[in-house]
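Worksheet: one structure, shown below.
Where a number appears in this text, it was derived from the coordinates with a stated rule and is not lab data. Note that the coordinates shown come from a computational prediction; the quantities given were computed from them, not determined experimentally. Cβ sites come from the backbone with ideal geometry, for glycine too, and all protein chains shown count toward neighbours.
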Amino acid sequence: MTVTISWEAASARRLERQFLANPATGAAAVPTVVASMLGAHAQVLSAAELSIGVRITGATRTDVRAALWEHRTLVKTHGPRGTVHLLPTRDLPLWTSALPAIPSGASPFAPEVRVTEQQAQQIVTAIEDALDGACLTIDELSDKVVARTGPWAGDRVMPAFQGMWPRWRQVLHRAGQSGALCFGPDRGRKVTYTRSPRFDPLPATEAVPALLLRYLHAYGPATPAYFAKWLAAPTAWAARLFEEQAASGAIEEVAFEGASAWVAAGDTEFPSRGWRGVRLLPYFDAYGIAAQPRESLFPGEAYGRALARGQAGNYPVLLVDGAVAGVWHLRRQGKRAVVTVEVLGPSSGALKARQEEALAEQVDRLGEVLEARPELVRGEVRVGPHA
């Protein structure tokens, strides 16, 4: 008999496994929490610090930075979707084998801008050699990559924010995903790069299925389309992977939200009821990006208000009982952290008494993570996405 899973049960289990329902305790839990999230999106490092901090009682942004730059239990590098993430150092053997094995879509660049596969591999090798024992800015790294490859790599043909970048930079994320590169501490206002810690990578034939099982543990039940969207991978590739793992007995089918979905084999225990509580999640929090289906996580007005053209992560969100019920915005004013919360829905911004109390506690928690004095303001969030 096929097990049937409700949205409420799936949401409650995901929140538990994300340390959102019951936060971990103490700074030593930082890498464990990041592993449970399958990485913390860190294009904006302060958002990653909040994502991790709200999942650990007593942790602050200083603890996250210490894990990254002092203890080196975290690494800042290119993770899922080629975007910058914080990943546990101990998980690099898996990530750096699985991510390069995922087929990418068509190049967004014009044919005369692209690099061949042979050139891409040459660039990654040059990056790895240049960063061995060094910590370089992007300009310093560019000089060394071009010296090791040839002038073609330095041609400024790649459209960028304020001009043109050298050709080789379209491969930068591949270097991060393969372990040739990670971020180093900032040098003043300049970003630096260095070589990732040494490790023995897993065979890709082991790493890709292992990544799927970790994803299903954290975010299941899931479909191939959900997995592909999370990775920015071709859906057909994900479907074949699911078929292979189902045939091997590693995953099993369940009924979820009126459709077929999958969990890791034997992992069919779910809470008997939905989670009740309030959480504030920052920009690009892993839960908001990976949890599916979007229509259930962002019900009603939240679908149009808390997503940017259907893309999750561009707004910090208010979770009430496991679903998005509002948006919020943080403004730093010296040592103050002013948190404006806009509640959505037919209740015209009203929350129940227990939810109001929980919201105030969450704002206090944000202040603790930020090492600032928190202040809650109720009202309309007027800023746009990713402001």
(message) To the nearest 20 Debye, how big is the dipole of region 278-378 about its Cα centre, given +1 on the beta carbon of each Lys and Arg and -1 on that of each Asp and Glu?
(response) 280 debye
(message) To the nearest 20 Debye, how big is the dipole of region 31-110 about its Cα centre, given +1 on the beta carbon of each Lys and Arg and -1 on that of each Asp and Glu?
(response) 20 debye
(request) Report, in debye and to the nearest 20, how large the dipole of region 4-194 comes out about its Cα centre when Lys and Arg carry +1 and Asp and Glu carry -1 on their Cβ. (result) 280 debye
(request) Figure the gain on full extension for Ala353 and Arg90 (residue separation times 0.36 nm, minus the Cα-Cα span) and round it to one decimal in nm. (result) 90.4 nm
(request) For region 19-78 and region 79-128, write down the distance between their C-alpha centroids in whole Å. (result) 24 Å
(request) Determine, from the Cβ-Cβ distance of Glu361 and Thr116 and an R0 of 56 Å, the FRET efficiency 1/(1 + (r/R0)^6), rounded to the nearest 0.05. (result) 0.55
(message) If I stretch the segment between Asp186 and Ala255 completely, what's the gain in nm (0.36 nm per residue apart, minus their alpha carbon distance), one decimal?
(response) 20.1 nm
(message) For Asn22, project a label point 7 Å along Cα to C-beta. Then give me every residue of region 82-98 with its amide nitrogen under 17 Å of that point.
(response) none
(message) Please list, in order along region 83-96, the HN-Hα scalar couplings obtained from phi with the Karplus expression 6.51 cos²θ - 1.76 cosθ + 1.60 (θ = phi - 60°), rounded to whole Hz, x for Gly and Pro.
(response) 8, 6, 9, 9, 10, x, 4, 5, 9, 4, x, 6, 4, 6
(message) If I stretch the segment between Ala147 and Ala106 completely, what's the gain in nm (0.36 nm per residue apart, minus their alpha carbon distance), one decimal?
(response) 11.9 nm
(message) For region 310-387 and region 185-203, what is the centre-to-centre distance using only Cα atoms, to the nearest Å?
(response) 34 Å
(message) With the crude spin-label approximation of a point 7 Å out along Cα→Cβ, what separation in nm comes out for Ser248 versus Cys135?
(response) 4.0 nm
(request) Please name which of Ala40, Thr116, Ala160 has its Cα lying farthest along the dipole of region 4-194 towards the positive end, using unit charges on Cβ (Lys, Arg +1; Asp, Glu -1) and the Cα centre as origin. (result) Ala40
(request) Treat each spin label as a single point 7 Å out from the Cα along the C-beta direction, and report the Glu206 to Ser6 distance in nm. (result) 4.1 nm
(request) Name the most mobile residue of Gly179, Gly154, Gly39, meaning the one with the largest mean-square fluctuation, in a Gaussian network model of the chain with Cα contacts below 10 Å. (result) Gly154
(request) Please report how many Lys pairs in the chain have alpha carbons closer than 24 angstrom, counting only residues at least 8 apart along the chain or sitting on separate chains. (result) 4
(request) Please label the shape of the chain as rounded, prolate or oblate, based on the square roots a ≥ b ≥ c of the eigenvalues of the alpha-carbon gyration tensor (a/c under 1.5 means rounded; beyond that, a/b larger than b/c means prolate, else oblate). (result) oblate
